[in-house]
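> What follows is a single structure, and I will ask about it in a moment.
The values are calculated or read from the model by the stated rules, or taken from the named source; none is laboratory data. Predicted, not measured: the structure shown is a model, and the values here were computed from it. Methodologically, a virtual Cβ is constructed for each residue, glycine included, from the backbone with ideal geometry; neighbour enumeration extends over all protein chains shown. Surface areas here come from the heavy atoms of the whole protein model, side chains and all, with no ligands, DNA or RNA. Shrake-Rupley method; radii C 1.70, N 1.55, O 1.52, S 1.80 Å.
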Amino acid sequence: MLLGAILGIWLLGWLLFEGVATLPLGRATLTGFQTRLNELRDSFDAARDSNVFLDVVVGGIRDALDAFVVGAQDLLSQAAFPRPVPQVGWLGVVALFAWVTYALAGVRSTILVVLSLLSFGVLGYWSESIDLLIVTFTAVLIAVLVGIPLGIAMSRSRTVTAVATPVLDVMQTMPSFAYLLPLVLLFSIGPSAAVVATLIYALPPVVRITAHGLRTVAASTIEATTSMGSTRTQLLRKVQLPMAKRTIIVGVNQTIMAALSMATIAALIDGPGLGEPVIQALQTLDIGTAFVSGLCIVIMAIMLDRATTAASQRAESERRATRDPRRRRIALGAGAVLAAVAVYLSRSYLWAADPSRLPDLGRPLADVAGTATDWFTDTFSAVTGAIKDGFTYALLNPFQSLLADSPWWLVAAVLLAVAFVLGGWRPTVTTAVCLAVIFGVGLWQDTMVTLTMTLVATVMVMLLAVVFGVWMGRSKRADTAFRPLLDAGQTIPPFVYLVPALALFGTSRFTAIVAAIVYAAPVAIKLVADGIRGVSPTTVEAATSAGSSTIQVISKVQLPMARNALVLAANQGLLYVLSMVVIGGLVGGGALGYTVVSGFSQAQLFGKGLAAGIAIVALGIMLDRITQHAAARSGRR
Amino acid sequence: MSTQAPPAATVPGQDEVSARIARLDEARRNPLLHVEGLWKVFGTKSDRIIGTPDADLPRRELMAKTGCVVAVKDVSFDVAPGEVFVVMGLSGSGKSTLVRCLTRLIEPSAGQVTVAGQDITSATDAQLRELRRKHVAMVFQHFGLLPHRRVIDNVAYGLEIRGDGKAERRERAQEMVDLVGLSGNEDSYPDQLSGGMQQRVGLARALAVDPSVLLFDEPFSALDPLIRRDMQNEVIRLHHEVGKTMVFITHDLQEALKLGDRILIMRDGAMVQVGRPDEVVGAPADDYVRDFVSEVPRSHVLTLRWVMRDPRPGESLEGPVMGPDTVVKNAAHKVLASVHPARVVSGDRLLGVVDREDILRVIVAEESP
């Protein structure tokens, strides 16, 4: 009711004031604030060697990370002067990875890893792939070294939890695009900035899941061992850590997957790896190349996910191994010898060192993909064009006009009113602050365009979530059919989704929206499906026995009772969509995302890009707070 | 026809029972476990309740007034060395809190607990650990086993954390595994065992440290009735073999009567009655206890002490001789078979007589409710 009234007033205001006070800003124009950010960047650059903090602390971290990454590159992926090839050639690298995988995860994973690594070589992205693995694992290593102790501390101290939780929340909800530029400010571009960005994004899962795993160790076991006189250290070492081991490895798996997805995006700040060819190909609309390098990312995601999952299952089964441990030791020893031989060969013979001597499937595959895309777009351009135009003109443009062409004060008032109606006072205050920030950084209209895309994409995501979520929640068979697909969808780094979207729809706002929908749908669908499944079967049975039709059961029982899950799905959907919509700036999404991207590429637009990053964060916090409070409210009811 | 007076101790063990009761009564002057004025109040500002009139409010009213819950209310008792002391009450009566206060798994609000002369309530953390490692061991309702360790390593856990050598603790753990009848399952993991077997592991783990006091917190409540009976017999057997002092928490009256030398009945955190099983059944302290024990087969619990009477003038005194602590059920056969009333004798003293009718009154009374 109230929402309807707000919408009515808004429409009226829009009719009266369309185009008035919309605060647009030209592409190359900078506000005073943004110019000051540019000056800030310059002063940072100037102070890099003189300021104690920047020079010693930040500089120390930067040098250490750069040295580590470059050292690993010399060893594994890049020509190590004066050698024309790395210290260890591809054969050696494959053998080393295979041995480690065999030790941690078993034979099947080893085969997968070997095939995946070989495919990187055959597809022509050997050094980029290994670079990406290096950046990913450097960040993961730090995340584990920092994250597990932090998780332990959180599980034992309320104070640490109270302090760390909001920080982790911010780290996880902030769209990754937003903190790349501030990092550049500190670390300048290059491997160290990429590692730090990856670390920020990848740290929360391992911390959270470690703390969760330790906290959920059965209270009865803790009590029993305490009653026997265990010290706190003994409790941790002998009881909690062993019992939480499997959960902690799941946390490491999540951290690895998060690190991989961020490490690809970090190519924007000159991080080494597979992100680079993808971005270049996206920007030159070279679908074939984008497809092959994107394929490498997907292969890598599957490889890492499967191998770490197998490692976590093994952690459970290994200690119960009924097989003779000696046999395993012999196999490991033999593997080590084989790996050493392979390393030796790869250092001595060029055929074992230079991956370009492998048969090249990458080029032909890229050509095929390119041709296929051309053929597809030529043949079906009428269809894809119709979808795109229909969506754009019927839904996107009117809504965007409503948001971006209304006077800023009208939109601000509407957003505040919506926040109040949905969530009460607290999110209204947050919304006011966020809107003030957006207004202050001088990117009001761009933000409104991004908001439009985010909202429209989220509506589509929720439609998908309700349809598929209800289906999966009600049918075991649908669940078993879709869930692996959704899981796979979630492990693939978001970057990759841009490739098919671009191939189908060219550069446009719609392309960014499609990528965002594809990226955000799995998590929303899963949340809704779990919510529907969680509805008490007794209630459903009672409703059915009272003669409800299927539609009535869904609409009057299951959906209302799963309301909380729906709001949560909307919350997660919004955040996922937002982070992808801005990445869509790379494929014609325009608005804030584009502004950030141009901040990377053009020095004079850096300040504007940074301002856009701030606006994205403000937008994200605003949407998150409103939906969180709405969720809390619906939970109370 | 048995008209002859048989020798005094015809039912085997009856004198032993009397002797045990006497021995425990004597030993209680020098108790192994001494609890005095123990309180536990949950809630903020709980310390402001003890000693005020508020403490005597019914639970619901106190909750409404202060937000606090009195879980244990001024409980005192002594346990003699070698005694099996059962604490019985319904859920929420505070019995589990009470047993946790004994080793400060839950910090008591007030009162004193002494084990073998050592004051627990004022012990430092290190002293408390020492006590838990060597003197008091506990068996839990939900077992609390370590799922990642084999049976033998679970049993050895207490020895491991106090720093015993590997060979030594291995040997001791194996002994305990054998003692509780788990030989052959040393290398299994807890989740490969049935509930009853898991609790045997819990028992072995507690026994391994050779404690002077064993605490049981409803150890068999999670088990099937048949297994429960097995385990109760197991505890009786073990008590026979190792003679440990035991504090046993249960909500099952049958279990309490079967195992306990004495029983403490709790209600809403307070003590209602302490006494031997026959005392609780024969002389309930109030209607609450009376209601509780009304379903108990009295002939299984009451002893001749509770059914004997003074001999009537001229009554035959040639019947069989029995001890006062003979359970009615065990005496029934002999008394019913005799034409003379049985004589209840302690030492040389005639305490009273029991005839067929006295016995039948107990047995028939429980058949017609």
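> Checking residue A:406 against (1) assigned to a helix (DSSP H, G or I); (2) under 26 Å from residue A:624 (Cα atoms), only one condition comes out false. Which one?
For residue A:406, the failing item is (1).
> So, one more: State the number of residues belonging to segment A:90-105 that are buried (at least 22 other Cβ atoms within 10 Å of the Cβ), within 12 Å of residue A:76 (Cα to Cα) and out of contact with any Leu (no Cβ under 8 Å at 6 or more places or on another chain).
Residues flagged as buried (at least 22 other Cβ atoms within 10 Å of the Cβ), within 12 Å of residue A:76 (Cα to Cα) and out of contact with any Leu (no Cβ under 8 Å at 6 or more places or on another chain) within segment A:90-105 amount to 0.
> Among A:91, A:96, A:75, A:54, which is of a type in the set (A, V, I, L, M) and in contact with a Pro (Cβ under 8 Å, 6 or more places away or on another chain)?
Numbers: A:91 fails: in contact with a Pro (Cβ under 8 Å, 6 or more places away or on another chain); A:96 fails: in contact with a Pro (Cβ under 8 Å, 6 or more places away or on another chain); A:54 fails: in contact with a Pro (Cβ under 8 Å, 6 or more places away or on another chain).
It is A:75.
> Among the residues of segment B:286-325, which ones are free of Cβ contacts under 8 Å to residues at least 24 places away in the same chain and of a type in the set (Phe, Trp, Tyr)?
Scanning segment B:286-325 gives a single hit, B:288.
> Does segment A:194-217 contain any residue that is open to solvent by 30 Å² or more (accessible area, probe 1.4 Å) and in contact with a Gly (Cβ under 6 Å, 6 or more places away or on another chain)? Steps first, please.
Step one: list which residues in segment A:194-217 are open to solvent by 30 Å² or more (accessible area, probe 1.4 Å), which gives A:199-201, A:208-209, A:212, A:215-216.
After this cut, where a residue has to be in contact with a Gly (Cβ under 6 Å, 6 or more places away or on another chain) as well, the list is A:209.
Yes; the residues of segment A:194-217 include at least one that is open to solvent by 30 Å² or more (accessible area, probe 1.4 Å) and in contact with a Gly (Cβ under 6 Å, 6 or more places away or on another chain).
> Of all the helices (runs of 4 or more DSSP H) wholly in segment A:36-143, which have at least 2 residues that are closer than 24 Å to residue A:269 by Cβ, modelled with pLDDT under 85 and not β-branched (Val, Ile, Thr)? Please lay out each step first, then the result.
Numbers: elements: A:59-76, A:90-105, A:107-122.
Here the list reads A:59-76.
> If you go through segment B:132-154 one residue at a time, do you hit one that is more than 24 Å from residue B:199 (Cβ to Cβ), open to solvent by 40 Å² or more (accessible area, probe 1.4 Å), more than 23 Å from the chain's Cα centre (by Cα) and free of Cβ contacts under 8 Å to residues at least 40 places away in the same chain?
Just the residues of segment B:132-154 that are more than 24 Å from residue B:199 (Cβ to Cβ), to begin with: none.
No.
> Considering each residue of segment B:306-340, count those that are out of contact with any helix residue (DSSP H, G or I) (no Cβ under 7 Å at 6 or more places or on another chain), among the basic types (Lys, Arg) and open to solvent by 90 Å² or more (accessible area, probe 1.4 Å), and give that number.
Residues in segment B:306-340 being out of contact with any helix residue (DSSP H, G or I) (no Cβ under 7 Å at 6 or more places or on another chain), among the basic types (Lys, Arg) and open to solvent by 90 Å² or more (accessible area, probe 1.4 Å): 1 in total.
> Does residue B:347 satisfy the criteria of being open to solvent by 40 Å² or more (accessible area, probe 1.4 Å) and under 25 Å from residue B:276 (Cβ atoms)? Outline the logic, then answer.
Working: open to solvent by 40 Å² or more (accessible area, probe 1.4 Å): yes; under 25 Å from residue B:276 (Cβ atoms): yes.
It is true that residue B:347 is open to solvent by 40 Å² or more (accessible area, probe 1.4 Å) and under 25 Å from residue B:276 (Cβ atoms).
> Do any helices (runs of 4 or more DSSP H) entirely within segment A:431-518 hold 1 or more residues that are free of Cβ contacts under 8 Å to residues at least 60 places away in the same chain and in contact with a Gly (Cβ under 8 Å, 6 or more places away or on another chain), and if so, which? Before you say what the answer is, go through the steps one by one.
Details: elements: A:444-474, A:476-491, A:498-505.
Per the criteria, A:476-491.
> Restricting to segment B:106-131, and then to whatever is without any contact (Cβ under 8 Å) to a residue 24 or more places away in the chain and facing chain A (nearest Cβ under 8 Å), can you tell me which residue is nearest to residue A:234 (Cα to Cα)?
Checked segment B:106-131; the qualifying residue nearest to residue A:234 (Cα to Cα) is B:129.
> In addition: Quick one: count up the residues across segment B:88-107 that are in contact with a Ser or Thr (Cβ under 8 Å, 6 or more places away or on another chain) and open to solvent by 20 Å² or more (accessible area, probe 1.4 Å).
Residues in segment B:88-107 being in contact with a Ser or Thr (Cβ under 8 Å, 6 or more places away or on another chain) and open to solvent by 20 Å² or more (accessible area, probe 1.4 Å): 3 in total.
> Of the residues that sit in segment A:190-229 and are among the polar types (S, T, N, Q) and more than 30 Å from residue B:145 (Cβ to Cβ), which one is nearest to the other protein chains (Cβ to nearest Cβ)?
Residues of segment A:190-229 among the polar types (S, T, N, Q): A:192, A:198, A:210, A:216, A:220-221, A:225-227.
Retained after the next criterion (residues that are more than 30 Å from residue B:145 (Cβ to Cβ)): A:192, A:198.
Values: A:192: 39, A:198: 33 Å.
Applying the filter and picking the extreme gives A:198.
> For the structure I just gave you, tell me whether residue A:355 is surrounded by 13 or more Cβ atoms within 10 Å (Cβ to Cβ), touching a Gly at 6+ places or on another chain (Cβ under 6 Å) and in contact (Cβ under 8 Å) with a residue 24 or more places away in the chain. Let's see the steps before the verdict.
Values: surrounded by 13 or more Cβ atoms within 10 Å (Cβ to Cβ): yes; touching a Gly at 6+ places or on another chain (Cβ under 6 Å): yes; in contact (Cβ under 8 Å) with a residue 24 or more places away in the chain: yes.
So residue A:355 fits the description; yes.
> Checking residue A:473 against (1) closer than 28 Å to residue A:615 by Cβ; (2) surrounded by 18 or more Cβ atoms within 10 Å (Cβ to Cβ): exactly one of these is not met. Which one?
For residue A:473, the exception is condition (1).
> Test of understanding: among B:252, B:224, B:261, B:210, which residue is more than 14 Å from chain A (Cβ to nearest Cβ), under 16 Å from residue B:32 (Cβ atoms), of a type in the set (D, E, K, R) and open to solvent by 30 Å² or more (accessible area, probe 1.4 Å)? Full working, then the answer.
Working: B:252 fails: under 16 Å from residue B:32 (Cβ atoms); B:224 fails: under 16 Å from residue B:32 (Cβ atoms); B:210 fails: more than 14 Å from chain A (Cβ to nearest Cβ).
That would be B:261, the only listed residue that is more than 14 Å from chain A (Cβ to nearest Cβ), under 16 Å from residue B:32 (Cβ atoms), of a type in the set (D, E, K, R) and open to solvent by 30 Å² or more (accessible area, probe 1.4 Å).
> Considering only residues of segment A:230-244 that are in contact with a helix residue (DSSP H, G or I) (Cβ under 9 Å, 6 or more places away or on another chain) and surrounded by fewer than 16 Cβ atoms within 10 Å (Cβ to Cβ), which is nearest to the other protein chains (Cβ to nearest Cβ)? Spell out the reasoning first.
Start the filter on segment A:230-244 by keeping residues that are in contact with a helix residue (DSSP H, G or I) (Cβ under 9 Å, 6 or more places away or on another chain), which leaves A:230-232, A:234-236, A:238-241, A:243-244.
Next, from what is left, pick out any that are surrounded by fewer than 16 Cβ atoms within 10 Å (Cβ to Cβ): A:231-232.
Values: A:231: 7, A:232: 10 Å.
Filtering first and then ranking leaves A:231.
> Would you please name the residue that is nearest to the other protein chains (Cβ to nearest Cβ), looking only at residues in segment B:195-207 that are modelled with pLDDT of 90 or more and over 17 Å from residue B:239 (Cα atoms)?
Taking the candidates together, the pick is B:198.
> Shifting gears a bit: Would you mind stating whether residue A:471 is aromatic (Phe, Trp, Tyr) and modelled with pLDDT under 85?
no
> On the given criteria, is residue A:315 within 14 Å of another protein chain (Cβ to nearest Cβ) and open to solvent by less than 50 Å² (accessible area, probe 1.4 Å)?
Values: within 14 Å of another protein chain (Cβ to nearest Cβ): yes; open to solvent by less than 50 Å² (accessible area, probe 1.4 Å): yes.
Answer is yes for this residue.
> Here's a check for you: in segment B:155-191, which residue that is within 8 Å of another protein chain (Cβ to nearest Cβ), in contact with a helix residue (DSSP H, G or I) (Cβ under 7 Å, 6 or more places away or on another chain) and open to solvent by 10 Å² or more (accessible area, probe 1.4 Å) is modelled with the highest pLDDT? Lay out the reasoning, then the answer.
To start, the set of residues in segment B:155-191 that are within 8 Å of another protein chain (Cβ to nearest Cβ) comprises B:157-158, B:160-162, B:189.
So of that shortlist, the ones also in contact with a helix residue (DSSP H, G or I) (Cβ under 7 Å, 6 or more places away or on another chain) come out as B:157-158, B:160-162.
With the extra rule that they be open to solvent by 10 Å² or more (accessible area, probe 1.4 Å), the set shrinks to B:160, B:162.
Working: B:160: 90, B:162: 86.
Ranking the qualifying residues of segment B:155-191, first place goes to B:160.
> While we're on this one: Check segment A:166-189 and report whether any residue there is surrounded by fewer than 22 Cβ atoms within 10 Å (Cβ to Cβ), modelled with pLDDT of 85 or more and more than 13 Å from every other protein chain (Cβ to nearest Cβ).
Yes - at least one qualifying residue is present in segment A:166-189.
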